[in-house]
Amino acid sequence: MSLLVVGLSHRTAPVGVLERAALTGEVPTRLLHDAAASATVGEAALVNTCNRIELYADVDKFHAGVAELSQLLSQHSGVDLEELTAHLYVHYEDRAVHHLFSVACGLDSMVVGEGQILGQLRDALARAQEEHTAGRGLNELFQQALRVGKRAHSETGIDKAGQSLVTFGLERVAAGLGIGAGEIAGRRALVVGAGSMSSLAAATLVRSGVTDLLIANRTPERAERLAANLGARTVDFAKVPEALADVDLVISCTGAAGVVIPAAQVAAAVATRGGDTPLAFLDLAMPRDVDHAVHELPGALLVDLESLSRAHAATPGAGDVDAVTTIVSDEVAAFGAAQRAARIAPTVVALRAMASDVVSSELARLQARLPDLDDRSRAEIAQSVRRVVDKLLHAPTVRVKQLAAEPGGAGYADALRELFDLDPAAVHAVSGTPIGTQAGASVPAGGIPAAQAGATPSTGAAR
């Protein structure tokens with residue numbers, strides 16, 4: 001597999017660009033299918049969250065793959081390619097694996113170490129499986145990324161920094177209101193939306209001590225299920241404007257393409273509520289649910305992804321980030337070695353199959369030339385011949401597997417095929433994939449902007 005990832009995130013693009021590039025509704029599914037249908041792509045998966053859009057693909061050509069995936073991201077997001085390119089990052093081969101493993105561990109998250117990304121990666125893999133755009137390569141890669149993420153959280157203290165975006169957001173809301181994080185308890189809250197992020201928000205509010213919780217969603221059944229699980233109440237989505245005046249805090253995270261809560265509705269709710277305590281909003285949607293103009297409204301407090309990004313950038317890193325970085329590096333090396341070793345396995349199997357055929361042929365000739373040979377002697381001769389062949393093949397096949405597992409080891413499979421004149425069709429029959437695929441190529445550490453993706457990627461593992 002020649003892995004390529006092209007994407008943009010909160011690290012490379014301002015919130016305004018991420019907001020316009022957000023993929024909603026059926027767009028992600030169409031993007032997946034279009035990517036998989038490309039002549040340069042064999043498999044495809046899409047990681048699509050509130051602060052990152054990443055296409056992972058098995059490609060047969062680096063430059064053509066970058067161009068194709070960049071064009072597809074532009075086409076489906078509606079952001080002009082030239083503008084989008086300025087914010088894209090590109091990772092290839094080992095650097096792409098390193099990036100995914102870092103994402104899985106929360107090292108690339110807005111809130112470093114947050115664990116919610118594991119569920120989002122699991123959803124990305126499930127979608128690719130359901131849409132039949134992920135094959136064996138991406139399945140193995142994403143499954144390993146999930147294992148690496150779990151290992152990071154179980155073996156280090158990254159969880160100390162790994163509060164969810166919801167928890168971090170609520171801390172910023174409390175700070176904006178001039179209260180402690182624990183003083184959310186006893187307040188009235190409304191959650192707009194019933195997806196995974198909204199469900200996490202609602203559960204977090206209940207754990208925080210919110211006793212009067214309302215849930216609103218365009219699909220009432222989903223709101224009712226969530227409310228029933230948490231002991232909350234539901235409110236009709238059309239009555240959200242009226243409900244704003246009856247609560248102290250609103251958390252919104254829907255998949256809507258436009259603003260769900262306009263500034264005019266907030267102004268009306270603030271006027272109805274009265275009092276000195278601002279009506280607080282935590283907007284976790286991308287694109288935004290709450291009108292940006294609410295930032296300027298007296299009597300209202302808005303914390304959104306843009307302000308969360310600024311707030312987190314100002315805080316020092318916490319947890320065992322160095323330890324997790326080491327885990328990621330070790331796991332990338334191990335994954336690369338396993339993949340390289342797996343590439344030579346079909347050649348070794350084909351070699352042993354050829355040797356077995358030669359032995360069988362020679363034993364058949366022996367039987368024809370010495371038909372009077374007794375069964376015991378014939379069996380002893382056959383066993384001896386097979387033992388000799390096994391001993392002759394043992395050392396070179398073990399050694400070639402070791403060498404192939406090292407960076408740049410793909411050439412050993414080619415050498416083995418050449419030295420023993422193996423039929424390429426025989427190797428293909430064992431592996432089910434074409435021979436000659438190169439491994440270990442990478443672009444410079446950190447990836448390159450799509451606009452600069454003209455340099456020839458080097459051979460060997462990236463360092």
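Details
- Extreme residue, least open to solvent (accessible area, probe 1.4 Å), among residues of the stretch 47-89 that are touching a Ser or Thr at 6+ places or on another chain (Cβ under 6 Å) and without any contact (Cβ under 8 Å) to a residue 40 or more places away in the chain: Ala64
- Screening Arg340 against (1) more than 20 Å from Ala189 (Cβ to Cβ); (2) in a loop (DSSP other than H, G, I, E, B); (3) open to solvent by less than 30 Å² (accessible area, probe 1.4 Å) leaves a single unmet condition, (2).
- Neighbours by Cβ (under 6 Å, 6+ apart or cross-chain): first from the stretch 113-125, closer than 17 Å to Thr156 by Cα and touching a residue at least 24 places away in the same chain (Cβ under 8 Å); second in a helix (DSSP H, G or I) and open to solvent by less than 20 Å² (accessible area, probe 1.4 Å): Gly113/Ile158; Leu118/Gly149
- Neighbours by Cβ (under 9 Å, 6+ apart or cross-chain): first from the stretch 178-192, free of Cβ contacts under 8 Å to residues at least 40 places away in the same chain; second charged (D, E, K, R) and open to solvent by 10 Å² or more (accessible area, probe 1.4 Å): Ala181/Glu171; Gly186/Asp212
- Test: residue in the stretch 271-293 that is of a type in the set (Ser, Thr, Tyr), modelled with pLDDT of 90 or more and out of contact with any strand residue (DSSP E or B) (no Cβ under 9 Å at 6 or more places or on another chain): yes
Residue-wise test of (1) more than 14 Å from the chain's Cα centre (by Cα); (2) of a type in the set (D, E, K, R).
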residue: Thr49; (1), (2): no, no
residue: Leu69; (1), (2): yes, no
residue: Cys105; (1), (2): no, no
residue: Gly115; (1), (2): no, no
residue: Asp123; (1), (2): no, yes
residue: Leu138; (1), (2): no, no
residue: Ala145; (1), (2): no, no
residue: Val148; (1), (2): no, no
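- Counting only helices (runs of 4 or more DSSP H) wholly contained in the stretch 112-224, the ones carrying 1 or more residues that are open to solvent by 20 Å² or more (accessible area, probe 1.4 Å) and closer than 21 Å to Ala243 by Cα occupy 165-177, 196-207.
- Verdict on Gly7 being modelled with pLDDT under 90 and closer than 22 Å to Ser309 by Cβ: no
- Scanning the stretch 366-425 for residues that are open to solvent by 60 Å² or more (accessible area, probe 1.4 Å), touching a helix residue (DSSP H, G or I) at 6+ places or on another chain (Cβ under 6 Å) and outside any helix (DSSP H, G or I) yields a single hit, Phe420.
- Near pairs, Cβ below 6 angstrom, 6+ apart or cross-chain, from the stretch 126-146 (closer than 9 Å to Ala36 by Cβ and β-branched (Val, Ile, Thr)) to any residue that is open to solvent by less than 10 Å² (accessible area, probe 1.4 Å) and outside any helix (DSSP H, G or I): Thr133/Ala44
- In this structure, Thr277 qualifies as open to solvent by 30 Å² or more (accessible area, probe 1.4 Å), β-branched (Val, Ile, Thr) and closer than 20 Å to Leu170 by Cα.
- Considering residues of the stretch 238-273 that are acidic (Asp, Glu) and in contact (Cβ under 8 Å) with a residue 40 or more places away in the chain only, the residue surrounded by the most Cβ atoms within 10 Å (Cβ to Cβ): Asp248
- Options Glu130, Glu93, Glu114, Glu155; residue that is in contact with a strand residue (DSSP E or B) (Cβ under 8 Å, 6 or more places away or on another chain) and among the charged types (D, E, K, R): Glu93
- Selection count where residues are of a type in the set (Gly, Ala, Ser), under 32 Å from the mean Cα position of the chain (by Cα) and open to solvent by less than 70 Å² (accessible area, probe 1.4 Å), scope the stretch 225-237: 1
- Any hit, the stretch 50-65, residues being over 17 Å from Val90 (Cβ atoms) and of a type outside the set (Lys, Arg): yes
- Residues located in the stretch 300-321, provided they are at negative phi, at pLDDT below 85 and open to solvent by 30 Å² or more (accessible area, probe 1.4 Å): Ser309, Arg310, His312, Ala313, Ala314, Thr315, Pro316, Gly317, Ala318, Asp320, Val321
- Flag for Asp108 being of a type outside the set (Phe, Trp, Tyr), in a loop (DSSP other than H, G, I, E, B) and closer than 22 Å to Asp330 by Cα: yes
- Taken together, Arg310, Arg352 contain a single residue that is touching a residue at least 40 places away in the same chain (Cβ under 8 Å) and either over 30 Å from Val103 (Cβ atoms) or among the basic types (Lys, Arg) (or both), which is Arg352.
- Remark: pairs (first residue in the stretch 90-101, touching a residue at least 12 places away in the same chain (Cβ under 8 Å); second residue among the basic types (Lys, Arg) and open to solvent by less than 20 Å² (accessible area, probe 1.4 Å); Cβ separation under 8 Å; 6+ apart in sequence or on different chains) are absent.
The values are calculated or read from the model by the stated rules, or taken from the named source; none is laboratory data. Because the structure is predicted, anything quoted here is derived from the model rather than measured. Cβ: placed from backbone, ideal geometry, glycine included. Neighbour counts: every protein chain shown. Areas reflect the complete protein model, heavy atoms only, side chains present, ligands, DNA and RNA absent. Shrake-Rupley method; radii C 1.70, N 1.55, O 1.52, S 1.80 Å.
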